[in-house]
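Beneath this line is the structure, given in structure tokens, with notes to follow.
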Amino acid sequence: MKLTQRALAMLLFVAFLDFAKASPPGGRIYPRANEEATEKLKEAYAAYYQGWYERAIELAMDVYQKYGDVHARWWPSWVKRFYKGKLPDPHDYGAILGETIEGRALMTMMVKGVTVGSLLERSYRRLGYHGVYGKGTNVPSLLKSVEGAKKRGYRPPQPPPKNTWRPLPLKFREEDYFILVPVEEACKVLGLPYRLQVEQKTKKPIGVYVGEYVEKKRPLLVIQEVLRRGGVMTSPVYEENGVVWVPFYWLAEQAGIRWWEVRNGKIYVAPRQGTK
Amino acid sequence: MVGGEERENLCCAEAGNKVKDVRRQSIGCLVMLAKVKDMFVMNFGAVPRDPENGDWSFVIPNEAITHPNGFPGTGVPGENDNGFWLLNANEGETHSVRHPEVGWITGKIVNFLHGYAHLRDVYAAVVVPSEDNRPRLAWTFGPICNVASIPVIEIRVPTVRDAVNYWNSVGYQYDLLHALACVIAHELGHTILWHIDHNEQVQNGEDEISILTNGDKGHHVYGQHRMRCFMWPYFPPGVVPDLDNDGAWDSLPFPNLPTDFCDSDPGCQNLWRLNP
């Protein structure tokens, strides 16, 4: 019994309709974010991953106050640039699952998405508000929990004074609100050991190892697989004209830098706090 | 019946059909059938990796499905006392497929989609990884007993990792692989406990109380059922969010993650349904 791709797509569509009606566990249907909300949530999403939790909360709250707990889904710019093929509507679960299961690309990993509640829960948790755990599905309850913690005197950890931060002599680019840096340059600046693996024929880098390589222990950061997979881009990591671009926050984490920001066209980092 | 070894080497029909398509060959490696305890789980999160690097942070390793402490756990008899495996894999068509570890192999393709699994009494589900940051760790799209659809579960690996890191940062020592196995087991549990509603009075699953008490699709009910079971509605099992907003969880999770479905209260081990 052989199944055509079209039949499979139809099946998945039917499956999705079934799911939509049944509202299975974890399957709450969120209102779809409009363009403005999606853009803000994209920025908030990047802010969260880059450790700027207050900024993520600020943006998510802005969306919440205007549109409620909406769900944004989007194709990252690097996916749009590198993926050779047609990308479905990011909210079309059936099509995305169909493409994934048919084996064309791991689209469920390529599409990014976030809800307001999820961003708020995770950001507040990172700031030390333990009471918000499990409340991402109910924003009013989550906010009540935050208010309660504030009334009890909780204050999240604060960064060192800004005048102690230093600028890095490092070029960068911004893509979908992620700060990307050339990996070789950045490793030199941050004092991280690295090894570049170059394909002999094309002279293109096909792998980057950041951190010390100790036998039977993986380096701190292995970028090889991402580059090798090429079109299946799940992270903002790519090679361009021989330069490998990676998110700065990956390297900052490896270098033990908790606080950093972009100011006046430069990346500023706080003195290391002894913790990652 | 064929032996487990042979079954492990089979790739799925859709990925293996076009062996001349080079692109498909490489993508086909994404689609590994994890043969586990007499069932098939098609894992779209299994991408080929260098085992020395152990870099599985953004995808689902087959070990999360074959994990001895994961699905379906001990004591689950399956139907007709035969476990889940009743399929004669020799009935499939013969194809050559490229296995990421052993190279080219000739195998029988088991097309379990389109109701075939049900005709043959085999348990077959599809696992896909996702980076959509909704509040839940995973999402189940349908039951195994519905011949019109495919039981697909979507696992948000970064969210699972985030949860594990969070609990480990407050003193727990959860193993990421076991945690992933638990989340997958929970979702696969939904595919066979879909028909179970332990509390018909509560249907809404958006706030903490209703999540804890709705009992849908086999979820345990707070205050009535055991906390140590894969079907506890929160991860990690045993945890109850801060319902009274006093800044503390109303119940903390177990130090060790569960390894099984419960045999009583409500007795998930005996409530399963595979066939239409």
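The values are calculated or read from the model by the stated rules, or taken from the named source; none is laboratory data. Note that the structure is a prediction, hence the values are computed from the model and not measured. Please note: Cβ atoms are built from the backbone with ideal geometry, for glycine as well, and neighbour counts cover all protein chains shown.
Worth pointing out:
- Of the residues making up the range A:85-111, those that are in a helix (DSSP H, G or I) and more than 7 Å from chain B (Cβ to nearest Cβ) are A:93, A:94, A:95, A:96, A:98, A:99, A:107, A:110.
- Among the candidates A:11, A:41, the residue that is buried (at least 19 other Cβ atoms within 10 Å of the Cβ), at pLDDT below 95, part of a helix (DSSP H, G or I) and within 12 Å of chain B (Cβ to nearest Cβ) is uniquely A:11.
- Set side by side, the residues B:237, B:253, B:266, B:241 differ, and just one is away from chain A (no Cβ under 11 Å) and more than 17 Å from the chain's Cα centre (by Cα), which is B:266.
- Residue within the range A:218-225 that is within 30 Å of residue A:86 (Cβ to Cβ), within 14 Å of chain B (Cβ to nearest Cβ) and either outside any loop (DSSP other than H, G, I, E, B) or at pLDDT 75 or above (or both) present: yes
- Options A:55, A:126: the member that is at pLDDT below 95 and either closer than 27 Å to residue B:249 by Cβ or of a type in the set (Lys, Arg) (or both): A:126
- Qualifying residue in the range B:228-242 (condition: of a type in the set (Gly, Ala, Ser), outside any loop (DSSP other than H, G, I, E, B) and buried (at least 19 other Cβ atoms within 10 Å of the Cβ)): no
- Boolean, residue A:179 is surrounded by 19 or more Cβ atoms within 10 Å (Cβ to Cβ), assigned by TED's automatic domain parsing to the domain that holds residue A:243 and over 20 Å from residue A:72 (Cβ atoms): yes
- Screening residue B:192 with (1) under 17 Å from the mean Cα position of the chain (by Cα); (2) modelled with pLDDT of 90 or more; (3) away from every other protein chain (no Cβ under 12 Å) gives one miss only, at (2).
- Among the residues examined, residue B:184 qualifies as assigned to a helix (DSSP H, G or I) and touching a helix residue (DSSP H, G or I) at 6+ places or on another chain (Cβ under 6 Å).
- A Cβ distance below 6 Å, combined with a sequence gap of six or more or placement on separate chains, defines the contacts here; from the range A:125-154, residues that are over 16 Å from residue B:239 (Cβ atoms) and at the interface with another protein chain (Cβ under 7 Å from one of its Cβ atoms) reach residues that are buried (at least 17 other Cβ atoms within 10 Å of the Cβ) and among the polar types (S, T, N, Q) in the pairs A:144/B:245; A:148/B:245.
- Count of the range B:243-258 residues, restricted to those that are touching a residue at least 60 places away in the same chain (Cβ under 8 Å) and surrounded by fewer than 18 Cβ atoms within 10 Å (Cβ to Cβ), is 1.
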